[in-house]
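Have a look at the structure below before the remarks.
The values are calculated or read from the model by the stated rules, or taken from the named source; none is laboratory data. Just so we're clear, the structure is a prediction, and the values are computed from it rather than from any experiment. Using ideal geometry, Cβ is built from the backbone for each residue, glycine included, and neighbour counts are taken over all protein chains shown. For the accessible areas, the whole protein counts, side chains as well, though only heavy atoms, and no ligand, DNA or RNA atoms are used. Shrake-Rupley method; radii C 1.70, N 1.55, O 1.52, S 1.80 Å.
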Amino acid sequence: MARAEPPRTGRLARGAITGVAAARIGAARLGQRLRTPSAQAQAAHEADVGRILFGALGQLRGTALKVSQLLSMHPTLLPEGVRRELARAQHQAPPLNRALVGRVFRQAFGQEPEALFEHFEPTAFAAASLGQVHRAQLAGQGTVAVKVQYPGIAATIASDMQLARAALRALAHTDLPLPANAVVDGVMDEIEATLLREVDYRLEAEELQWFARHAALPGVAMAQPILSHTRAQVLTQQYLPGLHLDAWLATQPPQALRDRAGQRLWDWFMHCIFALGRVHADPHPGNFLFAPDGTVGVLDFGCTRSLSSGFRDQVAQAWSALLRPAADAQRDALVLQAYQALGLVPSHLALPTYSAELAPALAAMQAWQLEPFTQAVFDFSAKQPPPITPPEHQRVLGRHLAQVPGEMPAFDRMWMGLMHLLTRLGARVRTHCPAINSPR
(Lines give C-alpha, C1' and ligand atoms only; values in the text may rest on other atoms or scores of the structure.)
Protein backbone atom coordinates (compact mmCIF):
# COMPACT_ATOMS: atom_id res chain seq x y z
CA MET A 1 0.00 0.00 0.00
CA ALA A 2 1.29 3.47 -0.83
CA ARG A 3 2.58 5.58 2.03
CA ALA A 4 1.66 9.21 2.50
CA GLU A 5 4.12 12.06 2.40
CA PRO A 6 3.39 15.51 3.88
CA PRO A 7 0.84 17.48 1.84
CA ARG A 8 2.17 19.60 -0.99
CA THR A 9 2.27 23.03 0.62
CA GLY A 10 4.02 25.00 -2.13
CA ARG A 11 1.70 27.64 -3.56
CA LEU A 12 3.01 27.16 -7.12
CA ALA A 13 2.64 23.38 -7.03
CA ARG A 14 -0.85 23.50 -5.55
CA GLY A 15 -1.93 26.40 -7.75
CA ALA A 16 -0.78 24.53 -10.86
CA ILE A 17 -3.03 21.59 -9.98
CA THR A 18 -6.14 23.79 -9.77
CA GLY A 19 -5.10 25.66 -12.93
CA VAL A 20 -5.01 22.42 -14.86
CA ALA A 21 -8.37 21.44 -13.34
CA ALA A 22 -9.92 24.76 -14.45
CA ALA A 23 -8.63 24.20 -17.98
CA ARG A 24 -10.04 20.66 -18.05
CA ILE A 25 -13.40 21.93 -16.79
CA GLY A 26 -13.41 24.43 -19.66
CA ALA A 27 -12.65 21.62 -22.12
CA ALA A 28 -15.46 19.55 -20.63
CA ARG A 29 -17.82 22.47 -21.18
CA LEU A 30 -16.88 22.57 -24.87
CA GLY A 31 -17.41 18.84 -25.13
CA GLN A 32 -20.83 19.18 -23.52
CA ARG A 33 -21.88 21.71 -26.16
CA LEU A 34 -21.06 19.19 -28.90
CA ARG A 35 -23.33 16.54 -27.36
CA THR A 36 -26.97 16.18 -28.25
CA PRO A 37 -28.91 17.79 -25.37
CA SER A 38 -30.46 15.14 -23.14
CA ALA A 39 -30.74 14.13 -19.51
CA GLN A 40 -28.09 11.46 -20.11
CA ALA A 41 -25.70 13.98 -21.66
CA GLN A 42 -26.21 16.35 -18.72
CA ALA A 43 -25.56 13.55 -16.22
CA ALA A 44 -22.40 12.54 -18.10
CA HIS A 45 -21.20 16.15 -18.11
CA GLU A 46 -21.78 16.54 -14.37
CA ALA A 47 -19.88 13.30 -13.71
CA ASP A 48 -16.98 14.50 -15.91
CA VAL A 49 -16.73 17.75 -13.97
CA GLY A 50 -17.00 15.92 -10.65
CA ARG A 51 -14.15 13.59 -11.61
CA ILE A 52 -11.96 16.56 -12.60
CA LEU A 53 -12.62 18.28 -9.26
CA PHE A 54 -12.05 15.10 -7.28
CA GLY A 55 -8.84 14.37 -9.16
CA ALA A 56 -7.47 17.84 -8.37
CA LEU A 57 -8.44 17.70 -4.71
CA GLY A 58 -7.02 14.19 -4.44
CA GLN A 59 -3.64 15.38 -5.71
CA LEU A 60 -3.64 18.28 -3.24
CA ARG A 61 -4.36 15.96 -0.32
CA GLY A 62 -4.08 17.96 2.90
CA THR A 63 -7.45 19.35 3.91
CA ALA A 64 -8.56 19.42 0.27
CA LEU A 65 -9.94 15.88 0.49
CA LYS A 66 -11.95 16.89 3.54
CA VAL A 67 -13.30 19.90 1.60
CA SER A 68 -14.36 17.49 -1.16
CA GLN A 69 -16.11 15.26 1.36
CA LEU A 70 -17.97 18.13 3.04
CA LEU A 71 -19.03 19.67 -0.27
CA SER A 72 -20.50 16.32 -1.33
CA MET A 73 -22.80 16.30 1.70
CA HIS A 74 -24.61 19.55 0.87
CA PRO A 75 -27.84 18.51 -0.85
CA THR A 76 -28.50 21.59 -3.01
CA LEU A 77 -25.08 23.19 -3.51
CA LEU A 78 -23.77 21.20 -6.49
CA PRO A 79 -25.44 19.21 -9.27
CA GLU A 80 -26.00 15.57 -8.31
CA GLY A 81 -23.41 14.15 -10.73
CA VAL A 82 -20.69 16.43 -9.34
CA ARG A 83 -21.71 15.72 -5.75
CA ARG A 84 -21.62 11.95 -6.30
CA GLU A 85 -18.04 12.08 -7.60
CA LEU A 86 -16.86 14.26 -4.72
CA ALA A 87 -18.36 11.77 -2.27
CA ARG A 88 -15.56 9.38 -3.24
CA ALA A 89 -13.30 11.38 -0.89
CA GLN A 90 -14.28 9.08 1.98
CA HIS A 91 -11.25 7.10 3.20
CA GLN A 92 -8.99 8.01 0.26
CA ALA A 93 -5.87 9.13 2.14
CA PRO A 94 -2.96 6.63 2.12
CA PRO A 95 -1.34 5.78 5.49
CA LEU A 96 1.62 7.63 6.98
CA ASN A 97 4.95 5.86 7.16
CA ARG A 98 6.54 5.12 10.53
CA ALA A 99 9.00 8.04 10.35
CA LEU A 100 6.22 10.60 9.92
CA VAL A 101 4.24 9.14 12.82
CA GLY A 102 7.34 9.48 15.01
CA ARG A 103 7.80 13.09 13.87
CA VAL A 104 4.26 14.00 14.95
CA PHE A 105 4.84 12.48 18.42
CA ARG A 106 8.21 14.18 18.87
CA GLN A 107 6.67 17.55 18.02
CA ALA A 108 3.66 16.97 20.29
CA PHE A 109 5.26 15.20 23.29
CA GLY A 110 9.02 15.32 22.75
CA GLN A 111 8.98 11.50 22.78
CA GLU A 112 8.39 8.55 20.49
CA PRO A 113 5.00 6.80 20.84
CA GLU A 114 6.73 3.69 22.27
CA ALA A 115 7.85 5.78 25.25
CA LEU A 116 4.30 6.94 26.00
CA PHE A 117 2.42 3.65 25.66
CA GLU A 118 3.04 0.12 26.90
CA HIS A 119 2.54 -0.96 23.30
CA PHE A 120 1.88 1.07 20.16
CA GLU A 121 0.89 -0.59 16.88
CA PRO A 122 2.89 1.14 14.12
CA THR A 123 0.35 0.20 11.44
CA ALA A 124 -2.86 2.25 11.50
CA PHE A 125 -6.13 0.32 11.60
CA ALA A 126 -8.28 3.21 10.33
CA ALA A 127 -7.65 6.27 8.17
CA ALA A 128 -9.58 9.37 7.12
CA SER A 129 -8.87 12.64 5.36
CA LEU A 130 -7.13 14.46 8.24
CA GLY A 131 -5.50 11.68 10.26
CA GLN A 132 -5.15 7.98 10.97
CA VAL A 133 -5.83 5.82 14.03
CA HIS A 134 -3.54 3.35 15.83
CA ARG A 135 -4.27 0.85 18.59
CA ALA A 136 -2.15 1.09 21.71
CA GLN A 137 -1.99 -0.22 25.26
CA LEU A 138 -1.91 2.35 28.07
CA ALA A 139 -1.31 1.55 31.74
CA GLY A 140 -4.55 1.82 33.69
CA GLN A 141 -6.65 2.22 30.52
CA GLY A 142 -6.15 -1.00 28.58
CA THR A 143 -6.64 -0.73 24.81
CA VAL A 144 -6.89 2.82 23.49
CA ALA A 145 -7.30 4.41 20.06
CA VAL A 146 -4.70 7.03 19.12
CA LYS A 147 -5.54 9.43 16.28
CA VAL A 148 -2.47 10.96 14.64
CA GLN A 149 -2.88 13.98 12.39
CA TYR A 150 -1.12 14.08 9.04
CA PRO A 151 1.84 16.51 9.22
CA GLY A 152 1.31 19.89 7.59
CA ILE A 153 -2.48 19.65 7.50
CA ALA A 154 -3.13 22.84 9.47
CA ALA A 155 -0.75 24.84 7.29
CA THR A 156 -2.72 24.07 4.12
CA ILE A 157 -6.20 25.16 5.26
CA ALA A 158 -6.08 28.76 4.03
CA SER A 159 -4.53 27.86 0.67
CA ASP A 160 -6.83 24.85 0.23
CA MET A 161 -9.87 27.01 0.75
CA GLN A 162 -8.60 29.57 -1.77
CA LEU A 163 -8.02 26.79 -4.28
CA ALA A 164 -11.40 25.18 -3.62
CA ARG A 165 -13.12 28.54 -4.10
CA ALA A 166 -11.16 28.98 -7.35
CA ALA A 167 -12.35 25.56 -8.51
CA LEU A 168 -15.96 26.47 -7.76
CA ARG A 169 -15.53 29.76 -9.62
CA ALA A 170 -14.41 27.69 -12.61
CA LEU A 171 -17.73 25.84 -12.36
CA ALA A 172 -19.51 29.18 -12.63
CA HIS A 173 -18.22 29.46 -16.21
CA THR A 174 -19.83 26.16 -17.21
CA ASP A 175 -23.45 25.46 -18.09
CA LEU A 176 -23.99 23.73 -14.75
CA PRO A 177 -26.71 25.25 -12.56
CA LEU A 178 -25.24 26.65 -9.35
CA PRO A 179 -26.70 28.64 -6.45
CA ALA A 180 -26.03 32.33 -6.03
CA ASN A 181 -22.52 33.41 -5.03
CA ALA A 182 -23.72 34.33 -1.54
CA VAL A 183 -24.92 30.76 -0.98
CA VAL A 184 -21.66 29.22 -2.19
CA ASP A 185 -19.60 31.69 -0.12
CA GLY A 186 -21.64 30.89 2.99
CA VAL A 187 -21.05 27.16 2.60
CA MET A 188 -17.32 27.63 1.99
CA ASP A 189 -16.99 29.91 5.04
CA GLU A 190 -18.70 27.27 7.17
CA ILE A 191 -16.39 24.54 5.83
CA GLU A 192 -13.30 26.64 6.57
CA ALA A 193 -14.45 27.27 10.14
CA THR A 194 -15.10 23.53 10.52
CA LEU A 195 -11.61 22.65 9.30
CA LEU A 196 -9.93 25.13 11.64
CA ARG A 197 -11.63 23.40 14.56
CA GLU A 198 -10.99 19.87 13.32
CA VAL A 199 -7.21 20.23 13.18
CA ASP A 200 -7.02 20.97 16.92
CA TYR A 201 -7.63 17.63 18.61
CA ARG A 202 -7.79 19.30 22.03
CA LEU A 203 -11.09 20.86 20.95
CA GLU A 204 -12.32 17.45 19.82
CA ALA A 205 -11.42 16.04 23.25
CA GLU A 206 -13.59 18.74 24.84
CA GLU A 207 -16.47 17.81 22.51
CA LEU A 208 -16.06 14.13 23.38
CA GLN A 209 -16.34 14.96 27.07
CA TRP A 210 -19.42 17.15 26.55
CA PHE A 211 -21.32 14.62 24.44
CA ALA A 212 -20.45 11.71 26.71
CA ARG A 213 -21.74 13.73 29.67
CA HIS A 214 -24.90 15.22 28.12
CA ALA A 215 -25.89 13.07 25.14
CA ALA A 216 -25.62 9.57 26.57
CA LEU A 217 -28.60 7.41 25.59
CA PRO A 218 -29.04 3.64 26.02
CA GLY A 219 -27.39 1.75 23.18
CA VAL A 220 -25.20 4.66 22.03
CA ALA A 221 -21.52 4.55 23.03
CA MET A 222 -19.02 7.42 22.96
CA ALA A 223 -15.37 7.15 23.93
CA GLN A 224 -13.84 9.28 26.68
CA PRO A 225 -10.63 11.13 25.78
CA ILE A 226 -7.44 10.57 27.76
CA LEU A 227 -6.19 14.12 28.21
CA SER A 228 -2.72 13.21 29.49
CA HIS A 229 -1.97 11.67 26.09
CA THR A 230 -3.76 14.26 23.94
CA ARG A 231 -2.29 17.24 22.13
CA ALA A 232 -3.36 19.40 19.19
CA GLN A 233 -2.13 16.78 16.68
CA VAL A 234 -2.64 13.58 18.74
CA LEU A 235 -5.90 12.41 20.33
CA THR A 236 -5.94 9.40 22.66
CA GLN A 237 -9.32 7.99 23.64
CA GLN A 238 -10.95 4.82 24.87
CA TYR A 239 -11.15 2.08 22.28
CA LEU A 240 -14.69 1.34 21.09
CA PRO A 241 -15.37 -2.18 19.81
CA GLY A 242 -17.50 -2.78 16.75
CA LEU A 243 -17.46 -2.90 12.97
CA HIS A 244 -17.87 -0.13 10.43
CA LEU A 245 -21.16 -0.25 8.56
CA ASP A 246 -20.13 -2.21 5.45
CA ALA A 247 -18.26 -4.81 7.49
CA TRP A 248 -21.20 -5.13 9.90
CA LEU A 249 -23.72 -5.52 7.08
CA ALA A 250 -21.47 -8.21 5.58
CA THR A 251 -22.20 -10.31 8.69
CA GLN A 252 -25.87 -10.28 7.55
CA PRO A 253 -27.40 -8.96 10.77
CA PRO A 254 -31.12 -9.74 11.04
CA GLN A 255 -33.66 -7.04 10.27
CA ALA A 256 -34.53 -6.66 13.95
CA LEU A 257 -30.90 -5.79 14.73
CA ARG A 258 -30.69 -3.29 11.88
CA ASP A 259 -33.93 -1.74 13.11
CA ARG A 260 -32.55 -1.48 16.65
CA ALA A 261 -29.37 0.24 15.49
CA GLY A 262 -31.34 2.58 13.23
CA GLN A 263 -33.78 3.49 16.01
CA ARG A 264 -30.90 4.33 18.32
CA LEU A 265 -29.32 6.57 15.69
CA TRP A 266 -32.62 8.33 14.96
CA ASP A 267 -33.44 8.88 18.65
CA TRP A 268 -29.91 10.11 19.38
CA PHE A 269 -29.88 12.64 16.55
CA MET A 270 -33.40 13.93 17.36
CA HIS A 271 -32.35 14.33 21.01
CA CYS A 272 -29.17 16.18 20.02
CA ILE A 273 -30.94 18.45 17.52
CA PHE A 274 -34.09 19.47 19.31
CA ALA A 275 -33.34 18.87 23.00
CA LEU A 276 -29.63 19.62 23.33
CA GLY A 277 -29.07 21.99 20.41
CA ARG A 278 -25.66 20.47 19.72
CA VAL A 279 -25.04 17.93 16.95
CA HIS A 280 -22.45 15.65 15.43
CA ALA A 281 -22.33 17.35 12.02
CA ASP A 282 -20.39 14.74 10.03
CA PRO A 283 -22.51 11.56 10.09
CA HIS A 284 -20.91 9.60 7.26
CA PRO A 285 -20.69 5.79 7.76
CA GLY A 286 -16.99 5.85 8.71
CA ASN A 287 -17.85 7.68 11.93
CA PHE A 288 -19.98 4.89 13.41
CA LEU A 289 -19.31 1.41 14.77
CA PHE A 290 -21.89 -1.36 15.13
CA ALA A 291 -21.67 -4.00 17.86
CA PRO A 292 -23.28 -7.48 17.70
CA ASP A 293 -26.07 -6.41 20.10
CA GLY A 294 -27.01 -3.34 18.05
CA THR A 295 -25.08 -0.85 20.18
CA VAL A 296 -23.86 2.05 18.03
CA GLY A 297 -20.50 3.66 18.73
CA VAL A 298 -20.12 7.27 17.59
CA LEU A 299 -16.67 8.44 16.48
CA ASP A 300 -14.96 11.66 15.40
CA PHE A 301 -16.33 14.66 17.26
CA GLY A 302 -14.08 17.12 15.48
CA CYS A 303 -17.04 18.34 13.41
CA THR A 304 -19.85 19.38 15.77
CA ARG A 305 -22.25 22.31 15.66
CA SER A 306 -24.30 24.22 18.19
CA LEU A 307 -27.85 25.10 17.13
CA SER A 308 -29.47 28.13 18.72
CA SER A 309 -32.98 27.83 20.17
CA GLY A 310 -34.24 30.32 17.57
CA PHE A 311 -32.81 28.24 14.73
CA ARG A 312 -34.34 25.04 16.10
CA ASP A 313 -37.72 26.71 16.59
CA GLN A 314 -37.81 28.01 13.01
CA VAL A 315 -36.71 24.67 11.54
CA ALA A 316 -39.46 22.96 13.53
CA GLN A 317 -42.00 25.55 12.29
CA ALA A 318 -40.93 25.17 8.67
CA TRP A 319 -40.98 21.37 8.79
CA SER A 320 -44.32 21.23 10.64
CA ALA A 321 -45.84 23.57 8.05
CA LEU A 322 -44.44 21.58 5.12
CA LEU A 323 -46.03 18.43 6.54
CA ARG A 324 -49.48 20.05 6.32
CA PRO A 325 -51.65 19.13 3.32
CA ALA A 326 -50.74 21.05 0.16
CA ALA A 327 -54.23 22.57 0.10
CA ASP A 328 -53.79 24.12 3.56
CA ALA A 329 -54.15 27.87 3.08
CA GLN A 330 -51.62 28.67 5.84
CA ARG A 331 -48.91 26.28 4.65
CA ASP A 332 -46.86 28.55 2.38
CA ALA A 333 -47.21 31.57 4.66
CA LEU A 334 -45.83 29.66 7.66
CA VAL A 335 -42.96 28.20 5.64
CA LEU A 336 -42.05 31.61 4.20
CA GLN A 337 -42.16 33.18 7.65
CA ALA A 338 -39.76 30.53 9.01
CA TYR A 339 -37.41 30.81 6.02
CA GLN A 340 -37.25 34.57 6.40
CA ALA A 341 -36.49 34.21 10.12
CA LEU A 342 -33.71 31.76 9.22
CA GLY A 343 -32.30 34.18 6.66
CA LEU A 344 -32.74 31.72 3.80
CA VAL A 345 -34.82 34.15 1.75
CA PRO A 346 -34.91 37.97 1.85
CA SER A 347 -37.42 39.61 4.15
CA HIS A 348 -39.00 41.45 1.20
CA LEU A 349 -39.88 38.26 -0.71
CA ALA A 350 -43.64 38.34 -1.23
CA LEU A 351 -45.85 35.34 -0.51
CA PRO A 352 -47.22 35.13 -4.09
CA THR A 353 -43.65 35.02 -5.44
CA TYR A 354 -42.68 32.33 -2.97
CA SER A 355 -45.74 30.22 -3.84
CA ALA A 356 -45.43 30.65 -7.61
CA GLU A 357 -41.65 30.39 -8.04
CA LEU A 358 -39.63 29.28 -5.04
CA ALA A 359 -41.96 26.67 -3.52
CA PRO A 360 -42.07 24.55 -6.72
CA ALA A 361 -38.26 24.72 -7.03
CA LEU A 362 -37.81 23.51 -3.44
CA ALA A 363 -40.63 20.97 -3.37
CA ALA A 364 -38.76 17.82 -4.42
CA MET A 365 -35.88 18.30 -1.96
CA GLN A 366 -38.24 19.31 0.85
CA ALA A 367 -40.29 16.15 0.27
CA TRP A 368 -37.13 14.01 0.31
CA GLN A 369 -35.89 15.58 3.54
CA LEU A 370 -39.20 15.21 5.37
CA GLU A 371 -40.39 11.87 3.99
CA PRO A 372 -39.53 9.93 7.20
CA PHE A 373 -41.99 12.08 9.17
CA THR A 374 -44.89 11.11 6.89
CA GLN A 375 -45.17 7.61 8.36
CA ALA A 376 -45.29 6.40 11.95
CA VAL A 377 -42.72 3.72 11.08
CA PHE A 378 -40.54 4.56 8.09
CA ASP A 379 -38.74 1.88 6.09
CA PHE A 380 -35.44 3.43 5.05
CA SER A 381 -34.63 0.51 2.75
CA ALA A 382 -37.18 2.01 0.34
CA LYS A 383 -35.82 5.58 0.51
CA GLN A 384 -34.56 6.89 -2.82
CA PRO A 385 -31.44 9.06 -3.33
CA PRO A 386 -31.97 12.82 -3.09
CA PRO A 387 -33.69 14.26 -6.16
CA ILE A 388 -31.73 15.97 -8.90
CA THR A 389 -32.64 19.65 -9.06
CA PRO A 390 -33.25 20.55 -12.73
CA PRO A 391 -31.42 23.58 -14.19
CA GLU A 392 -34.54 25.75 -14.33
CA HIS A 393 -35.14 25.22 -10.60
CA GLN A 394 -31.47 25.86 -9.81
CA ARG A 395 -31.79 29.23 -11.52
CA VAL A 396 -34.86 30.06 -9.42
CA LEU A 397 -32.97 29.12 -6.25
CA GLY A 398 -30.09 31.33 -7.37
CA ARG A 399 -32.45 34.30 -7.74
CA HIS A 400 -34.34 33.95 -4.49
CA LEU A 401 -32.14 32.32 -1.83
CA ALA A 402 -30.63 35.20 0.10
CA GLN A 403 -27.71 33.67 1.96
CA VAL A 404 -26.78 30.67 4.04
CA PRO A 405 -26.50 31.56 7.74
CA GLY A 406 -23.87 29.84 9.86
CA GLU A 407 -26.06 27.08 11.27
CA MET A 408 -27.88 26.00 8.11
CA PRO A 409 -25.01 24.50 6.03
CA ALA A 410 -23.93 22.18 8.84
CA PHE A 411 -27.54 21.26 9.58
CA ASP A 412 -28.29 20.40 5.94
CA ARG A 413 -25.10 18.34 5.71
CA MET A 414 -25.92 16.53 8.95
CA TRP A 415 -29.47 15.71 7.83
CA MET A 416 -28.36 14.37 4.46
CA GLY A 417 -25.70 12.24 6.14
CA LEU A 418 -28.23 10.80 8.59
CA MET A 419 -30.65 9.94 5.78
CA HIS A 420 -27.90 8.15 3.84
CA LEU A 421 -26.73 6.29 6.96
CA LEU A 422 -30.21 5.00 7.82
CA THR A 423 -30.83 4.08 4.19
CA ARG A 424 -27.61 2.03 4.06
CA LEU A 425 -28.73 0.32 7.26
CA GLY A 426 -32.09 -0.48 5.68
CA ALA A 427 -33.65 0.19 9.08
CA ARG A 428 -37.34 0.50 9.93
CA VAL A 429 -37.61 3.37 12.40
CA ARG A 430 -40.34 4.90 14.54
CA THR A 431 -39.93 8.50 13.45
CA HIS A 432 -41.91 10.36 16.09
CA CYS A 433 -40.27 13.63 17.13
CA PRO A 434 -42.01 15.81 19.74
CA ALA A 435 -40.71 19.04 18.13
CA ILE A 436 -42.30 18.27 14.75
CA ASN A 437 -46.07 18.39 14.28
CA SER A 438 -46.57 15.56 11.85
CA PRO A 439 -50.17 14.65 10.93
CA ARG A 440 -50.09 10.97 9.99
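For the range 296-437, the relative contact order is 31 percent, taking Cα pairs closer than 8 Å that sit 6 or more residues apart in sequence and dividing their mean separation by the residue count.
I want the local charge near Ala316. Using Cβ-Cβ distances under 14 Å, sum +1 for each Lys or Arg and -1 for each Asp or Glu among the other residues. Here the count lands on 0. Each residue of the range 187-201 was assigned a 3J(HN,Hα) from its phi angle through the Karplus curve 6.51 cos²θ - 1.76 cosθ + 1.60 (θ = phi - 60°); the sequence is 5, 5, 4, 5, 5, 4, 4, 4, 5, 4, 6, 5, 7, 10, 5 Hz, with glycine and proline shown as x. Counting only protein heavy atoms and a 1.4 Å probe, the range 306-368 has 45 square angstrom of accessible area per residue.
What shape does the range 290-377 have by the C-alpha gyration tensor, where a ≥ b ≥ c are the square roots of the eigenvalues, rounded means a/c under 1.5, and otherwise prolate means a/b greater than b/c and oblate the rest? It comes out prolate by the Cα gyration axes.
Of the solvent-accessible surface of the range 346-396, computed with a 1.4 Å probe and all protein chains present, 62% belongs to carbon and sulfur.
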